[in-house]
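Values in this text are rule-based calculations from the coordinates and carry no lab data. All values derive from a computational prediction rather than experimental measurement. No Cβ is skipped: glycine too gets one built from the backbone with ideal geometry, and neighbour counts run over all protein chains shown.
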Amino acid sequence: MYKITKEFHFSASHQLCEMPEDHPCARLHGHNYIVEIELSSASLNAFGFVVDFTELKPLKGFIDEELDHRHLNDVFKHDQVTSEFLSKFIFEFCKEHWSETSAVRVSETQKTWAEYRP
């Protein structure tokens with residue numbers, strides 16, 4: 001199995017409104033997010049790629065236009081926009097564009113990751 005990954009970055013705010021009032025994530029705060037897409041295939045295409053990295057531009061465009069420097073609760077009209085929520089949402093976006101999508105990971109901090117892998 002061949003696997004490739006590519007990393008994308010964006011900055012955004014969110015608030016976990018369903019958390020207890022004294023929980024730090026209940027307050028409005030922001031992160032410098034890292035998104036990592038993983039694509040897998042048992043074989044390579046005619047050019048020797050799982051997917052040409054340049055074909056991933058629609059994901060960069062989506063992140064830049066829809067997520068970067070936004071308040072994620074407003075973007076998704078949701079009170080609990082967690083890294084887990086983002087990883088599944090971005091996975092679904094990617095799967096529509098690239099059937100080889102096998103996982104999406106999202107990081108809010110240098111030490112934390114959430115992954116969606118069906």
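Using a Gaussian network for the chain with springs between C-alpha atoms less than 10 Å apart, which of these wobbles most: F85, F47, F76? In this elastic network of the chain, the residue with the biggest mean-square fluctuation among F85, F47, F76 is F47.
GNM on the chain, alpha-carbon springs under 10 angstrom: the most fluctuating residue among R27, R70, R105 is R27.
Could you give the length gained by full extension between E65 and S40, i.e. 0.36 nm per residue of separation minus their alpha carbon distance, to one decimal place? Please report the intermediate quantities before stating the final value.
On the way: separation 25, 0.36 × 25 = 9.00 nm, distance 2.64 nm.
Length difference between fully extended and current span is 6.4 nm.
Largest first, the extents of the alpha carbon coordinates of the range 29-75 on the three principal axes equal 44, 16, 15 Å.
Taking Cα extents along the principal axes in Å as the quantity of interest, determine which of (1) 36, 30, 19; (2) 54, 25, 23; (3) 40, 36, 24 was computed from the displayed structure. Here Cα extents along the principal axes in Å agrees with entry (2). Each Lys or Arg adds one and each Asp or Glu takes one away; over the other residues whose Cβ falls under 12 Å from the Cβ of N45, this sums to -3.
Amide H to amide H distances under 5 Å link W113 with no residue, where only residues 5 or more positions off or on other chains count and H is placed in the peptide plane.
Kindly provide the helix-only [θ] at 222 nm of the chain, computed as the sum of -39,500 (n - 2.57) over DSSP H runs of four or more divided by all residues, to the nearest 500 deg cm²/dmol? Walk me through the numbers on the way to the answer.
Working: 3 runs with 26 residues, N = 118.
Helices in the chain give a 222 nm mean residue ellipticity of -6000 deg cm²/dmol.
By how many degrees, 0 to 90 and rounded to 10, does the Cα axis of helix 83-97 deviate from the longest principal axis of the chain? Approximately 30 degrees, to the nearest 10. Stretching the chain fully between T54 and K111 yields a gain of 17.7 nm (0.36 nm per residue, less the alpha carbon separation).
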